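One structure is given below, encoded as structure tokens.
A short reminder: the numbers here are calculations on the coordinates, not readings from a lab. These numbers come from a predicted model, not from an experiment. FYI the Cβ positions are ideal-geometry reconstructions off the backbone, even for glycines, and counts take in every protein chain you see.
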Amino acid sequence: MENNMANANSPYFFVLDIGTRFVRGLVCERHKGDGAPLVIAACEIREHQTRAMRAGQIHDIEKVTAIVTEIKRSLEDRYGALAKVAVAVAGRNLLTCRGRARLARQSMDPINAAEVKQLELMAVQKALEVITGAADDYFCVGYSVVGYRIDNEELATLIDHRGSLIEAEALVTLLPRQVLEAMFTVTKKCGLEIEYLTLEPIAALEATVSEHLVPLNIALIDIGAGTSDIAIVSGGKVQAYGMVPVAGDMVTEAICNAWVVGFDEAERLKRNLGIWQQEARVREDSVITFKDIFNREQTRRLSEALESVRSAAREMAGRIGEEIKKLIPSSGANMDRCAAILVGGGSMTPFVEEEIAAALGLSRERIGLRPAALNDAIGDRSGKLGGPDAATAAGIGLLFSRRPGLTLTHLALNDKRITVMSTESNPTVLSMLLSQGITVRQIYGRPGLAITFTLNGRLDSVKGEAPLPATIEVNGVKAALDAPARAGDRIIFYPAKDGKNAACTVGELEAAELPRVHLNGREVPLPAQVMVNGEPAGMDAAVPDRAVVACLPERQLGALIENHFPSMPQPGERHIRIEVDGEEIAVKEKNYFLQVNGSEREFDAQLTLRDNDEIAFGYLEPQWKVANFVSSAPKGRPLRVRINGDEYLFPGTDGRVLINGEDAPADTAVNDGDRISVVAGKDAEAVLVDIFRYISIEPQNQIGKKVRLLIDGQESQFTSPLHENADIKVLFE
């Protein structure tokens, strides 16, 4: 065991190329410095025993896992535990889409970074909308801004510029979720974590097109078993990708049908035919032997066998040529000056070079195989990567050692473990959210809808409520969108809340502000005549969108009083008619009090009010009382007498005032229709026995004595009546 590659400081890294026919595992040495070649220390190759993969995609996860595990264990026996791996997915799986967004600005303040980021995300969202109904089937692995515009002028950046309309166009890169999930599942089952991910055509380019070839116009054709990936290079950059669903298996299946053999036997024959064709010592009149599906031995002349596969190779080359011709115009390359480089196991199929040259109209000198071994940047110590079929595996290793591809970060989002892929070398919270399908609306929210209306002939509007942006926490600490998203982070995302739609009443409109006065010490607006869409309404009426509102102030005193005292009677004089001891009486009084700017005024409903007038107004309770119409009722006359020389008084009864037959005190209110009557008190009356209420006799002093009662000297009885000034004697003898 030479090393432990589970260690992050290991001098080696692990590469997997999972192809349709073969799986390659490489152990590579990390670069020791700029310009140092990639050293491939070891290589293990296994062939699928069944068609576990088709057209570059994993179909049977268990069988692919078994082969990868076998390769991994073989390499671990020599290099120690393998924990992380660099892989590639087929280029045909790459999806790019463009989106353009524009944002109107109300302010002329300098444009800030937050505005630009929101605009970019809107453009990304527009791009994702192009993926009709299938956005959830893709991972967003990154985006790049193609260009900015401000007030229809192109600019390199928007920061700190001023303008009313800003635009951005974004190019978004996506990969199918199903393809990536299958790759993740296989590596996870093998105890591996993907630390680097790229595309197969990019890897093949890296391995075959070295720096001194970059200025050429090149069509790289990676012919595998199930598909042929195409990359067009012009001006030193990859200008276009393409794919055709035909490759080496097409020729294998043609042999199956022509010679009635099984797929594995046909594959063996195809490979041998390629070798025999290239070996000059084998003459075309040689005889080859094989067994058909009935296990019968068959023979064919080599020339006959080669010719039987040429038609299939011609059809495959024709399909590849058609795709390249479609890609060339948009790439800026010149077909006449283009060179075609063939890589992949299918490129070794007999007649492929000749037929592709013919399909493209190229001379035979402008097309050929270019194995990874021709690249000086690759040092193969394993001795197993000399052919063109090893280009992708070697290219993955080169890319990993030179520059980043797709960064994979494993973390938790809302307590769910996820893998984030990003084209950024240092992924952010934003790129993580986008990769998980979080939308711009979930991040920023939607402003509430505004309402527009016409008020007194002038167009106006009320804005909706601003949204509450999303809240993000990274490891329990609040974080911004541009915060780094690191492996192992625990991120909590609280979606934005949309703003409420605008809603207001007529009275809440700033433009409907009415003149104000002071009523009973409180500032109040004058009432108004309100019409909403031609219908009478109040100041509390809701304003619908696109409403036509009229709001005209009423300056008359009567309108103000009616508005604030709606349940009270009309200000004026109160009239009543009553009876007093049978005599009818009519009287009147004001039912209000009114002062305007400190002066008492008679109520005038048409009085015009001015801004800030001081008004005191109120309704008066009825002022008429019993005392306004009658004095107190006369009492009955008293009765004066002298008893044994002392004067005593017997009082008469009190008089009564009645309203409608009921006793009424002097402060009783008098209402319309009341009948008032005055009843005088009765004169006092008494008999002799009544005097004992005023005098007292001590019985113990009068024992054995006889009482004598005299009125004016005359003997009298207890029941004798008393008269005014009667002289009464009470004697005991």
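Observations on the structure shown:
- Between E253 and L374, the FRET efficiency estimated from the beta carbon spacing at R0 = 41 angstrom works out to 0.85.
- When the alpha carbon coordinates of the chain are projected onto the principal axes, the ranges are 189, 74, 55 Å, largest first.
- Charge context of D611, other residues only, Cβ under 13 angstrom, K/R +1, D/E -1: -1
- Amide H contacts of L199: V89, each under 5 Å away and 5 or more positions distant or on a separate chain (H built 1.01 Å from N in the peptide plane; Pro and chain starts excluded).
- Taking each residue as 0.36 nm, the span from T96 to E70 lengthens on full extension beyond its C-alpha to C-alpha distance by 5.8 nm.
- Remark on region 406-526: ratio of C-alpha radius of gyration to 2.2 N^0.38 Å is 1.72.
- Estimated FRET transfer efficiency (F263, S286; beta-carbon r; R0 22 Å; 0.05): 0.35
- Whether region 504-623 is rounded, prolate or oblate, judged on the alpha carbon gyration tensor where a/c under 1.5 counts as rounded: prolate
- Under a model in which nothing but the beta-carbon of Lys, Arg (+1) and Asp, Glu (-1) is charged, region 639-732 shows a dipole of about 660 debye around its Cα centre.
- Extending 7 Å from Cα along the Cβ direction at Y494 and again at Q606 yields two label points whose distance is 6.4 nm.
- A straight line joining the Cα centroids of region 530-605 and region 192-208 runs 87 Å.
- Distance between the modelled labels on R642 and D540, one decimal in nanometres: 8.2 nm (7 Å Cα→Cβ projection).
- Overall form of region 494-553 per C-alpha gyration tensor (a/c, 1.5; a/b vs b/c): oblate
- Under 5 Å, built H, 5+ apart or other chain: amide partners of A339: N217, I218, A219
- Segment T653-D137, length gained on full extension (0.36 nm per residue, minus Cα span): 174.9 nm
- Estimated FRET transfer efficiency (A633, L552; beta-carbon r; R0 41 Å; 0.05): 0.10
- Debye log10 I(q)/I(0) at q = 0.13, 0.16, 0.24 Å⁻¹ for region 639-732, Cα point scatterers: -0.59, -0.72, -1.20
- The alpha carbon centroids of region 227-248 and region 665-733 are separated by 139 Å.
- When only the Cβ of Lys, Arg, Asp and Glu is charged (+1, +1, -1, -1), the dipole of the chain relative to its Cα centre reaches about 3360 debye.
- Stretching the chain fully between L710 and D663 yields a gain of 12.7 nm (0.36 nm per residue, less the alpha carbon separation).
- A dipole drawn for region 443-562 from +1 and -1 charges on Cβ atoms has a positive end, and of G507, A480, H518 the residue lying farthest that way is A480.
- Each residue of region 97-103 was assigned a 3J(HN,Hα) from its phi angle through the Karplus curve 6.51 cos²θ - 1.76 cosθ + 1.60 (θ = phi - 60°); the sequence is 8, 10, x, 10, 9, 9, 9 Hz, with glycine and proline shown as x.
- When the charge dipole of the chain is built from unit charges on Cβ atoms (+1 for Lys and Arg, -1 for Asp and Glu) and taken about the Cα centre, the candidate among N597, P176, V89 whose Cα reaches farthest toward its positive end is V89.
- Residues in region 533-539 carry Karplus couplings, in order, of 6, x, 10, x, 8, x, 5 Hz; the curve used is 6.51 cos²θ - 1.76 cosθ + 1.60 with θ = phi - 60°, and Gly or Pro positions show x.
- Between K463 and I695, the modelled labels are 10.4 nm apart [label points 7 Å from Cα along Cα→Cβ].
- Over the residues of the chain, the helix contribution to mean residue ellipticity at 222 nm works out to -7000 deg cm²/dmol, using -39500 (n - 2.57) for each DSSP H run of at least 4.
- Charge dipole of the chain about the Cα centre (unit charges at C-beta), most positive-ward option of A377, G572, L306: L306
- Annotation: amide H-H contacts under 5 Å for Q298 (H modelled 1.01 Å from N, sequence separation of 5 or more, or interchain): F290, K291, D292.
- Under a model in which nothing but the beta-carbon of Lys, Arg (+1) and Asp, Glu (-1) is charged, region 248-367 shows a dipole of about 180 debye around its Cα centre.
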